[in-house]
1. Under 5 Å between amide hydrogens, which residues at least 5 positions from I103 or on another chain qualify, with H placed 1.01 Å from N in the peptide plane?
2. Of the listed peptides 28-39, 142-153, what is their order by residue-averaged count of other C-beta atoms within 10 Å, with the highest listed first?
3. Would you kindly derive the ³J(HN,Hα) couplings of region 7-12 from the backbone phi angles with the Karplus curve 6.51 cos²θ - 1.76 cosθ + 1.60 (θ = phi - 60°), listing them in order in whole Hz, with x for Gly and Pro?
4. What does the C-alpha gyration tensor say about the overall shape of region 26-114? Classify as rounded when a/c is under 1.5, otherwise prolate if a/b is larger than b/c, or oblate.
5. Could you work out the relative contact order of region 5-216, using alpha carbon pairs under 8 angstrom and six or more residues apart, expressed as a whole percent?
6. Which value in deg cm²/dmol, rounded to the nearest 500, describes the helix-derived mean residue ellipticity at 222 nm for the chain, given -39,500 (n - 2.57) per DSSP H run of n ≥ 4 and division by the residue count?
7. Out of residues 5 or more away from G66 or on other chains, whose amide H comes under 5 Å of its own, with H placed 1.01 Å from N in the peptide plane?
8. Quick check on region 36-168: take the gyration tensor over C-alpha atoms, sort the square-rooted eigenvalues as a ≥ b ≥ c, and tell me if it's rounded (a/c under 1.5), prolate or oblate.
Amino acid sequence: MTNDRTEVDGLTIGILGGTGDQGRGLAYRFARAGLRVVVGSRSAERGQAAAAEIAKLAGVVGDVSGGTNADAWQASDLVIVAVPWDGHAETVASLRSNLIGKIVVDCVNPLGFDAKGPFALRVPEGSAAEQTESLLPESRVCAAFHHVSSVLLADPTVDRVDLDVMVLGDDRDAVATVIALAACIDGMRGVYAGRLRNAAQVEALTANIIAINRRYQAHAGLRITDV
């Protein structure tokens, strides 16, 4: 598996929940990399408005369109799930028959927040990604993009997002495609991090990253050494 850009050239990337911070930031970076992006939302108007705003940002050379989450999956070759955790199961389950055979990348972090800070929530299926796999048994589910700062992604003055993205999945070809997708963003590298059953600790680590960011007023990311 390599960070070969040719793996994703020509693909259209649909983002469910593309008007949220993480989805919107990823949409911008993929469009800036020259990919076709469809921003999905529960509201067609919100999806279209977000797409229009992203298209005007510095560096965008790819085509950006928007609409409902249904518009996003219909027009796309690869779908990223970036919806709020509270609506995760409902949104994913509603698309089961529509995502058969497609690569579906889950980047959702099931987290809670209280006076002590962020903490990982327990998910019956093990992780958000495994929940998606259970709801989409005929899709090619991967987990990735959990530890990427939405602030950096959305900032047009940031040219490079220097970090590694841990990519998990059981379909080796799908994993290779997601690794290549990560590499489309300047400074970013995709790294294979195991099968989907290992996604829980990757999602939970986001709570630690948030705690680091709050303590040091930073936008911390991960680098995997000696790879």
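1. Hits under the 5 Å cutoff: V79, R140.
2. With the highest mean Cβ count within 10 Å placed first, the list reads 28-39, 142-153.
3. For region 7-12, the Karplus curve yields 4, 10, 4, x, 7, 9 Hz.
4. Since a/c reaches 1.5 and a/b is larger than b/c, the shape of region 26-114 is classed as prolate.
5. About 20 percent, as a whole number.
6. -10000 deg cm²/dmol
7. V39
8. Oblate, because a/c is 1.5 or more while a/b does not exceed b/c.
Here, each number is a calculation from the coordinates, and none is a lab measurement. Note that the coordinates shown come from a computational prediction; the quantities given were computed from them, not determined experimentally. Positions of Cβ are generated from backbone atoms using ideal geometry, with glycine treated the same way; all protein chains shown enter the neighbour counts.
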